[in-house]
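Peer 1: Please read through the structure below; I'll follow up with questions.
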Amino acid sequence: MPHAMTIEIDNLHYAWKRRSDFQLNIAELKIAHGEKVFLYGPSGSGKSTLLSLLGGVLLPQQGRIRILGKELTSLSSVARDRFRADHVGFLFQQFNLLPYLSVIDNILLPCRFSKLRCQRALQTETSLEKSAIRLLSQLQLDTGLIHQKVTELSVGQQQRVAAARAMIGQPELIIADEPTSALDSDRQVAFLDLLLAQCAASNASLLMVSHDRRLATRFSQTLAMHDLCAGVNPTMPFSS
Amino acid sequence: MKTLLSLAFHSAWNRKGTLMLMVVSIALSVMLLLGVEQLRAGVRNGFSQSVSGTDLVIGARTSPIQLMLYAVFRLGDATHNMHWSSFEKLAGRPAVAFAIPISLGDSHQGFPVIGTQLSYFEHFRYGDKRVLEFMQGAPFADIFDTVIGAEVAEQLNYSLNTEIILSHGQGVHRLAEHEDKPFRVVGILKRTGTPVDRSIHVSLAAIEAIHLDWQAGAPMPGVSIPAQYVKKFNLQPKEITAVLIGLKSRSGVFQMQRYVNNFQDEPLLAVLPGVALGELWSIVSVVEKTLLAVSALVVTVGLSGLVAVVLAGLGERRRELAVLRSVGAGPLLVFMLLAIEGLLVVLLGALLGTLAVVAASSLAAPFLQAKFGLTVVFSGLTTQTQLLLAAVILAGALVSLIPGYRAYRMSLTDGLMPRL
């Protein structure tokens, strides 16, 4: 039975061990299942740290993070890695892909680490490759590229391959960190539309972080880093 | 595990240029280390194969090692000779089973000439008590007959009945030749892998004959004795260089040695071949150990270079490692990925280095024999070499943990967005 909330954060406190000047404090953050959330945050606002915390790669010193009802802080490091592999798809700004793997191998990378996503990818298609091809065509990418080296693709194509990788095997949560910032402006909108449509189709929640407020209009909910952290951490550097 | 290996391999292949250079550098250092060890073992093997069944080597008093070097290995020159009468006395001792006289000093095209008796072909043993065998022909019968070793025949392209002229003294740049008295090849010995291969054997009488009209190492001016008349002269040798002696019973060896060392007529020296070789090794071992230490240092430098290269590459790979983390790879996989890469390079380098040593060994043996008269016998990888190889791989595995650990630490602190 799916949990109603995809992300729940309570009284989170995180401080870098080596950089005492920087802290991240979030009193509360809730993202319901299937929501498309835009999180505005300029660089240096702690969004990267937040995303690492949501992925269970970093652990908060205080507070709780629950993803799909699972308390990350209570899991072992190995269990957190597995949980991330099973349920979260990540999409970064740039250099998302492993340059030494082909397009298809990049897309299927999560299936190598997660049996669950492998099984889900095989639920709708007879083979993993077909599943990847279907995703690529939904993202409007030439499916003939699948055996190409990723270094031969344009930046826009690479981002779509990265999106396909984040979505293969239908993870419940997609976290995107400035996925459009490397694209030119008319491509940005087109890419975003594809991303949102795919998330809707697979019924995944989407949390996208960006410093570009113009993109916020297409999301069901808009948050700002400095609102999340407001009043709690006066030393945090804001650029606006 | 399959994922890990495939990722490690693909990632390494992507940076094959740099890594191949590392493989080559490790291969060269391994080649040096193993080569030194193989050569050491090969030289020892070659020396100890050269003589067997001989209980004592006897010559004019000198250092035991020097006596061995010139009497058995044909390296260097004899300083003094011993009288024929001494030889007859020694050979006549009841404990003696056989005595092989050896007379050195002449050469042919850089190959040493050995004046000896037929007992040489009958009693001389090498390797595992093996007898000299003839590839063609037979022992010398007439005065200007000669029996040559396999290496001589091959290098100079001699066959039976080839006429050869001996030179006085050693070395290719001979001063004087015995050109009035040519020799005829009557026998070619089978290859033994010992200095015998490089030897030209003639009878003691022949040595006397070619020096009849000589005095003090030079032809006497105005005196020339044609070859056909030499038999009219007394060809009984007056001096020989050394004697190889086999005893009826090995237990008498020290008694015989004492007898020789206290010999009344002239100062003589008797050495046990094994003992003299042991002395030689104890002197050479300082050099061997130094060489080994230097090559071990070279391997250390190679491995340090490897760690430096993998660590330097780590900076560029932070993005790659973060991507792997994001799709679910744990920090342990990141650790293994880096450690395996180092190990892969070491294994490949060690393999290449070993192959190069094996290949070089087969080329080195004939070269060393031709160039330096050194008989080197390589017999596969010695135990010592295998141990060294294992040590290199183990050291490589250990140092590969360093970049692995660095990557592990990095993946824990970096999170998913490394600051580049």
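Please treat every number below as a calculation from the coordinates, not as lab data. Since the structure is predicted, the reported quantities are computational estimates derived from the model, not experimental observations. Cβ coordinates were reconstructed from backbone atoms using ideal geometry, including for glycine residues, and neighbour counts include every protein chain displayed.
Peer 1: Taking each residue in A:162-169, count the Cβ atoms of any other chain within 10 Å of its Cβ, then average. What number comes out?
Peer 2: The per-residue average across the peptide is 1.
Peer 1: Now for a separate question. Using only alpha carbon positions, build the gyration tensor of chain A, then give the equivalent ellipsoid semi-axes as the square roots of 5 times its eigenvalues, largest first, whole angstrom. Intermediate values should be presented prior to the final figure.
Peer 2: Details: eigenvalues 174, 84, 52 Å².
Working from the Cα gyration tensor, I get semi-axes of 29, 20, 16 Å.
Peer 1: In sequence order, what are the phi-derived ³J(HN,Hα) couplings for the range B:137-145 according to the Karplus relation 6.51 cos²θ - 1.76 cosθ + 1.60 with θ = phi - 60°, rounded to whole Hz, with x for glycine and proline?
Peer 2: x, 8, x, 5, 10, 8, 5, 9, 8
Peer 1: May I ask you to derive the relative contact order of chain B, considering only C-alpha pairs under 8 Å and at least 6 residues apart, and to give it as an integer percent? Walk me through the intermediate numbers first.
Peer 2: On the way: 704 pairs, mean separation 114.5, N = 420.
Once divided by the residue count of chain B, the mean separation gives 27 percent.
Peer 1: Residue by residue, what Karplus-based ³J(HN,Hα) values in Hz, rounded to whole numbers, does the range B:279-296 have, using 6.51, -1.76 and 1.60 with θ = phi - 60° and x for Gly and Pro?
Peer 2: Calculated HN-Hα couplings, in order: 5, 4, 5, 5, 6, 5, 4, 4, 5, 4, 5, 4, 4, 5, 5, 5, 5, 4 Hz.
Peer 1: Taking the highest mean first, how do the peptides A:107-114, A:120-127 order by number of other beta carbon atoms within 10 angstrom per residue?
Peer 2: On the way: A:107-114: 24.2, A:120-127: 13.8.
Averaged packing, sorted descending, gives the order A:107-114, A:120-127.
Peer 1: Starting at 0 and stepping by 5 Å, how many percent of the alpha carbon pairs of the range A:88-128 end up in each bin?
Peer 2: 5, 21, 26, 26, 14, 7, 0
Peer 1: To the nearest 500 deg cm²/dmol, what mean residue ellipticity at 222 nm is calculated for chain A from DSSP H runs of n ≥ 4 alone, each contributing -39,500 (n - 2.57), summed and divided by the residues? Display every interim value, and only then the final one.
Peer 2: On the way: 9 runs with 84 residues, N = 240.
Theoretical 222 nm ellipticity from helices: -10000 deg cm²/dmol.
Peer 1: At 7 Å along Cα-to-Cβ for each site, give me the label-to-label distance between B:Leu351 and B:Thr162 in nm.
Peer 2: 4.4
Peer 1: Okay, next question. Evaluate peptide B:314-320: per residue, the Cβ atoms of other protein chains within 10 Å of its Cβ; return the mean as an integer.
Peer 2: Values: counts 0, 0, 0, 0, 0, 7, 5.
Mean shielding count: 2.
Peer 1: Listed highest first by mean packing, meaning other Cβ atoms within 10 Å per residue, what order do B:231-241, B:201-211, A:199-209, B:297-307 come in?
Peer 2: On the way: B:231-241: 14.7, B:201-211: 23.3, A:199-209: 19.8, B:297-307: 18.2.
Highest mean packing first, the order is B:201-211, A:199-209, B:297-307, B:231-241.
Peer 1: While we're here: Taking the simple approach of a point 7 Å from Cα along Cα-to-Cβ for both A:Glu71 and B:Val301, what is their distance in nm?
Peer 2: Label-label distance for A:Glu71 and B:Val301, simple model: 5.9 nm.
Peer 1: Roughly how many Å is it from the Cα centre of the range B:110-174 to that of the range B:311-339, as a whole number?
Peer 2: Between the Cα centres of the range B:110-174 and the range B:311-339 lies a distance of 68 Å.
Peer 1: How many angstrom lie between the C-alpha centres of the range A:155-188 and the range A:108-141?
Peer 2: 16
Peer 1: For B:Met135, what residues show an amide H to amide H distance below 5 Å, using hydrogens built from the backbone and excluding near sequence neighbours?
Peer 2: It is B:Ile188, B:Leu189, B:Lys190, by chain and number.
Peer 1: If you don't mind, another one. Determine the shielding of peptide A:50-62 by partner chains: average, over its residues, the number of Cβ atoms on other chains within 10 angstrom of each Cβ.
Peer 2: Values: counts 1, 4, 7, 2, 1, 5, 1, 12, 5, 0, 0, 0, 0.
Per residue, the average neighbour count from other chains is 3.
Peer 1: To the nearest 0.05, how large is the calculated FRET efficiency for B:Ser282 and A:Lys149 if R₀ is 45 Å and r is the Cβ-Cβ distance?
Peer 2: Values: r = 61 Å, r/R0 = 1.36.
Efficiency, from the Cβ-Cβ distance: 0.15.
Peer 1: For A:Ser137 paired with B:Arg250, estimate the spin-label separation in nm (one decimal), with each label point 7 Å from Cα along the Cα-to-Cβ line.
Peer 2: Label at A:Ser137, label at B:Arg250, 8.5 nm between them.
Peer 1: Here's another thing I want to ask about it. Considering the convex hull of the alpha carbon atoms of the range B:56-271, report its projected area averaged over all viewing directions, in nm², one decimal. Intermediate values should be presented prior to the final figure.
Peer 2: Details: hull surface 47.4 nm².
Mean projected area for the range B:56-271: 11.9 nm², to one decimal.
Peer 1: Residue by residue through the range B:160-165, what is 3J(HN,Hα) from phi via Karplus (6.51 cos²θ - 1.76 cosθ + 1.60, θ = phi - 60°)? Round to whole Hz and write x for glycine and proline.
Peer 2: My calculation for the range B:160-165 gives 4, 6, 5, 8, 10, 10 Hz in order.
Peer 1: Another question, then. So what is the relative contact order of the range B:102-171, in percent, for Cα pairs below 8 Å that sit 6 or more residues apart?
Peer 2: Details: 67 pairs, mean separation 31.0, N = 70.
Relative contact order, the range B:102-171: 44 percent.
Peer 1: While we're on this one: Quote the FRET efficiency, to the nearest 0.05, computed for B:Glu122 versus B:Leu394 with a Förster distance R0 of 45 Å and r equal to the Cβ-Cβ distance.
Peer 2: Working: r = 52 Å, r/R0 = 1.15.
Working from the Cβ atoms, E equals 0.30.
Peer 1: In addition: Take the alpha-carbon centre of the range A:35-63, take the same for the range B:10-55, and report the distance between them in whole Å.
Peer 2: So the two Cα centres are separated by 54 Å.
Peer 1: Let me ask you something else. Assuming R0 = 56 Å, what is the FRET efficiency of B:Met20 and B:Arg258, from their Cβ-Cβ distance, to the nearest 0.05?
Peer 2: Values: r = 64 Å, r/R0 = 1.14.
Taking R0 as 56 Å, the efficiency between B:Met20 and B:Arg258 is 0.30.
Peer 1: Right, something else. Under the rule of -39500 (n - 2.57) per DSSP H run of 4 or more residues, summed and divided by the residues of chain B, what mean residue ellipticity at 222 nm is obtained, to the nearest 500 deg cm²/dmol?
Peer 2: So the helix-based figure for chain B works out to -17500 deg cm²/dmol.
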